[in-house]
Amino acid sequence: MPSADVSARVAWSDDAAAIAAVQVRAWRASYADLLPAEVLSGLDVDEAAEGWREALARPADARHRVLVALERNLVTGFVVTGPAGDPDCDPVATGEMTDLTVDPHQRGAGHGSRLLQAAADTLVADRFTRAVTWLPAADDTLRAFLGSAGWAPDGAHRTLDLTGDGSTTVKQVRLHTSLTDAPATGPR
């Protein structure tokens, strides 16, 4: 049986619309129980694409990168890497992985594993020795996936106010991993 044409690479500005479309679909699927329906229905792919175009064209730091997972030429997911922004992290030694997102229609095909490995490789290439990521405390699936790849809680936690008025909050936990050991990844 022939293998699928799948890969991961650094995103290009031309990928902005596809990244935005994946993001909107993923948020609508993943946050349906968390965010008000009007917030989710109001997500605009074109507006998000413009934000991604800007981020891809003018990253805040040379080490800020967006990586995409591909099946042939179809963007199936994305992840963002860069220096850790938390005040208790050394931004020279500690990198951060954010927005590990796979299109809901593409989950379970290994795209998350490819993105996780590409993120780790990118962070290592940028000379980080440790990485952190934040995830919703209630997301047991993502926590188990990352745990199987060597990520573990480091004791940090926070509550995000998603709407700015306190009506919609999400508790998050921070996971960390050493980048000096090769991370193991499994299918996602």
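Worth a mention:
- Between 177, 168, 122, the residue with the greatest mean-square fluctuation in the GNM of the chain (Cα pairs under 10 Å linked by springs) is 168.
- Stokes-Einstein diffusion of the chain at 10 °C, 1.306 mPa s viscosity, Kirkwood radius from Cα pairs, rounded to a whole number: 93 µm²/s.
- Gaussian network model of the chain, springs between alpha carbon atoms under 10 Å - residue of 149, 11, 62 with greatest fluctuation: 62
- Remark: the range 6-129 carries a charge dipole of roughly 500 debye about the Cα centre, counting +1 on each Lys and Arg Cβ and -1 on each Asp and Glu Cβ.
- Of the trypsin sites (Lys or Arg not before Pro) found in the range 1-95, the ones in coil according to DSSP and having at most 12 other Cβ atoms within 10 Å of their Cβ are 72.
- Extended-chain gain in nm, criterion 0.36 nm per residue less alpha-carbon gap, residue 105 and residue 167: 19.3 nm
No lab work stands behind these numbers, since they all come straight from the coordinates. The structure presented is a predicted model; accordingly, all values stated were derived computationally and were not measured. Quick reminder, even Gly has a Cβ in these numbers, built from the backbone with ideal geometry, and neighbours come from all protein chains shown.
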